[in-house]
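Engineer: Submitted below is the structure of interest, expressed as structure tokens.
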Amino acid sequence: MSAKVQYERTEEHALIRESFRKYLDSEVAPLVSEFDDQGVFPEKIFREMMEMGYLSTMLPEEYGGGGRDVWATVVMSEELSKCCAGLNTSAFGHIFCQHWIDMFGTKEQKDKYLPGLANGKSIGAIAITEPGAGSNVAGIKTRATETDDHFILNGNKIFITNGNVADVICVMAVTDPDSRPRGISTLIFETDTPGFQAGKPMKKLGNKCSPTVELAFDNCKVPKENILGTRDRSLIETIEFFTFERVTVAVSCAAVTEAAMDACIEYSKDRIQFGVPISTFQGIQEMIAEMATDIYATHCMVVDLLTMMENGQYDVEKASMVKAFAAESVNRHTSNAIQIFGGAGYTTEYPVERYYRDARVWSIGGGTTQIQNRLIARSLLK
């Protein structure tokens, strides 16, 4: 697409994209329909991607990472989202765990956990959402009660990506119930801890090969040294983290929109109705043009925000804007893609129905569109 804004900032970024695309084309793409049909997490392929360094591009080299910038991660995510959005969802559950520890961890914590998260020995996850606290993060109830040398963790988390396959989870819990909405901390949790239980993967509309589960913590002992960042300050510290999360969601949305658009362009040129290709119909052209325009707009916003982040600036309002815009765009455009394909688009013979199903979660996960709009309006009206 000629109007596309490139995320590559160096020749190395372009080489990462090329090598990763070749790997995905040969090893992953032929199996994506099978992953979707079976709804099973392809752990072997996931660990292979970790071992090859594709899921640790931002980590410092001293911990086994690529030592690169955020642009390398964005390039990787764009290619993986086009190929298999479910695998990309699991990839970012893992990357977010890495990133959180790298941002706020002590040297001892980084030395202990980051090498395994980089080389494929440990899969990561983050656990924030609860049955009674979704977009309202300050309303979580999972409790970490302090003892002499441990915290005792009790509570439940829900809709946790990678929760049943993770070895390390960053868990947000209440450490000072009298200081709400502060008084919330993050703990690095090892899933072989007694009292921990992960439920079976939920059956979902899309992203079927990415496991989403409920977690239960029953008197789980967590060493005090596993507090991540400043105690009782997680809600404040994670503003930077949530900005990064929302930008990467927008990258995935634009990538799936592009995959849908490419499929529509190819199909509309081949599909003959009334004696001509449907690509000659004005209504079809309008839908494809709108896809291209929104991809371009999302890319521009992402580049702006990532450039700010490189300079240490984290704009919550703009992050909410790009996340809400991209999520609503991909939902509209994948729906239109099925419309362009007509009856064929409603079958599993073509990938557009999978794009449609996979896209739906992005208006919900990472903060709903309604919450993003509330954050934007609150910033403007304060």
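Engineer: Within segment 308-327, work out how many residues are open to solvent by less than 60 Å² (accessible area, probe 1.4 Å) and either in a helix (DSSP H, G or I) or under 19 Å from S379 (Cα atoms) (or both).
Structural biologist: Selection size over segment 308-327: 12.
Engineer: Pick from segment 162-197 the residues that are open to solvent by 20 Å² or more (accessible area, probe 1.4 Å) and of a type in the set (A, V, I, L, M, F, W, C): which of them is nearest to K141 (Cα to Cα)?
Structural biologist: The selected residue is F196.
Engineer: Just to check your reading of the model, which residue among G39, G53 is under 28 Å from D111 (Cα atoms) and among the small types (G, A, S)?
Structural biologist: Within the list G39, G53, the selection yields G53.
To keep it simple, each residue is scored yes or no on (1) buried (at least 24 other Cβ atoms within 10 Å of the Cβ); (2) in contact (Cβ under 8 Å) with a residue 40 or more places away in the chain; (3) not small (G, A, S).
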residue: E237; (1), (2), (3): no, yes, yes
residue: F241; (1), (2), (3): no, yes, yes
residue: M261; (1), (2), (3): yes, yes, yes
residue: D270; (1), (2), (3): no, no, yes
residue: V276; (1), (2), (3): no, no, yes
residue: Q285; (1), (2), (3): no, no, yes
residue: A289; (1), (2), (3): no, no, no
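Engineer: Looking only at residues in segment 328-356 that are outside any helix (DSSP H, G or I) and either hydroxyl-bearing (S, T, Y) or in contact (Cβ under 8 Å) with a residue 60 or more places away in the chain (or both), which one is surrounded by the most Cβ atoms within 10 Å (Cβ to Cβ)?
Structural biologist: Here the residue is P351.
Engineer: Here's another thing I want to ask about it. Pick from A72, A138: which is among the aliphatic types (A, V, I, L, M) and either in a loop (DSSP other than H, G, I, E, B) or in contact with a strand residue (DSSP E or B) (Cβ under 8 Å, 6 or more places away or on another chain) (or both)?
Structural biologist: Going through A72, A138 in turn, just one is among the aliphatic types (A, V, I, L, M) and either in a loop (DSSP other than H, G, I, E, B) or in contact with a strand residue (DSSP E or B) (Cβ under 8 Å, 6 or more places away or on another chain) (or both): A138.
Engineer: Among the candidates E51, E34, single out the residue that is of a type in the set (D, E, K, R) and over 29 Å from E353 (Cα atoms).
Structural biologist: E51 is the lone residue from the list that is of a type in the set (D, E, K, R) and over 29 Å from E353 (Cα atoms).
Engineer: Still on this structure, please answer the following. Which condition number does S19 fail, the rest of (1) in contact (Cβ under 8 Å) with a residue 24 or more places away in the chain; (2) open to solvent by less than 60 Å² (accessible area, probe 1.4 Å); (3) closer than 25 Å to N162 by Cβ being met?
Structural biologist: (1)
Engineer: Among residues belonging to segment 211-247 that are among the hydroxyl-bearing types (S, T, Y) and modelled with pLDDT under 95, point out the one that is farthest from V303 (Cα to Cα).
Structural biologist: T230
Engineer: P201 versus (1) touching a strand residue (DSSP E or B) at 6+ places or on another chain (Cβ under 6 Å); (2) surrounded by 22 or more Cβ atoms within 10 Å (Cβ to Cβ); (3) assigned to a loop (DSSP other than H, G, I, E, B): which is the lone unmet condition?
Structural biologist: (2)
Engineer: Identify, please: which residue in segment 117-142 is closer than 19 Å to R182 by Cβ and of a type in the set (S, T, N, Q) and is, among those, least open to solvent (accessible area, probe 1.4 Å)?
Structural biologist: Once the filter is applied, the top-ranked residue is T142.
The values are calculated or read from the model by the stated rules, or taken from the named source; none is laboratory data. What you see is a predicted model; the values in this text were computed from it and never measured. Neighbour counts are summed over all protein chains in view; Cβ atoms, including those assigned to glycine, are modelled from backbone coordinates with ideal geometry. Quick note on the areas: whole protein, heavy atoms, side chains included, nothing else; ligands and nucleic acids left out. Shrake-Rupley method; radii C 1.70, N 1.55, O 1.52, S 1.80 Å.
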